Amino acid sequence: MIDPKTLLERAAQLADQAKDEQDTGIRERLLRMAEHYRDLAAHEAWAHENPPSVGALTSALSPRAH
């Protein structure tokens, strides 16, 4: 698991870098990357707050009868 704070810090760095970028294409790419890092941080925070249970893992790994 990655610390969500680390991902949010990286997102902020990318957004700051985008502010100073003159090339529109690069600026938009940096902003998309920052948004991706924010999404990852939200996912990691949710995963940390909602760890999988042993029962859920067992049922996911068990063969299902068709």
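Data overview
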item	result
Exclusive hit being farther than 26 Å from residue 12 by Cα and surrounded by 10 or more Cβ atoms within 10 Å (Cβ to Cβ), set 30, 57	57
Close pairs (8 angstrom Cβ cut-off, 6 or more residues apart or separate chains): in contact (Cβ under 8 Å) with a residue 24 or more places away in the chain and in a helix (DSSP H, G or I) in region 37-48, exposed (fewer than 13 other Cβ atoms within 10 Å of the Cβ) and among the charged types (D, E, K, R) anywhere	41/5; 44/3
Residue that is modelled with the lowest pLDDT [pool: residues in region 1-15 that are charged (D, E, K, R) and surrounded by 12 or more Cβ atoms within 10 Å (Cβ to Cβ)]	3
Every residue from region 19-38 that is among the aliphatic types (A, V, I, L, M) and closer than 21 Å to residue 4 by Cβ	30, 31, 33, 34
Residues of region 6-50 classified as aliphatic (A, V, I, L, M) and touching a Lys or Arg at 6+ places or on another chain (Cβ under 7 Å), total	3
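The values are calculated or read from the model by the stated rules, or taken from the named source; none is laboratory data. If you're wondering where the values come from, they're calculated on a predicted model, not measured in any experiment. Quick reminder, even Gly has a Cβ in these numbers, built from the backbone with ideal geometry, and neighbours come from all protein chains shown.
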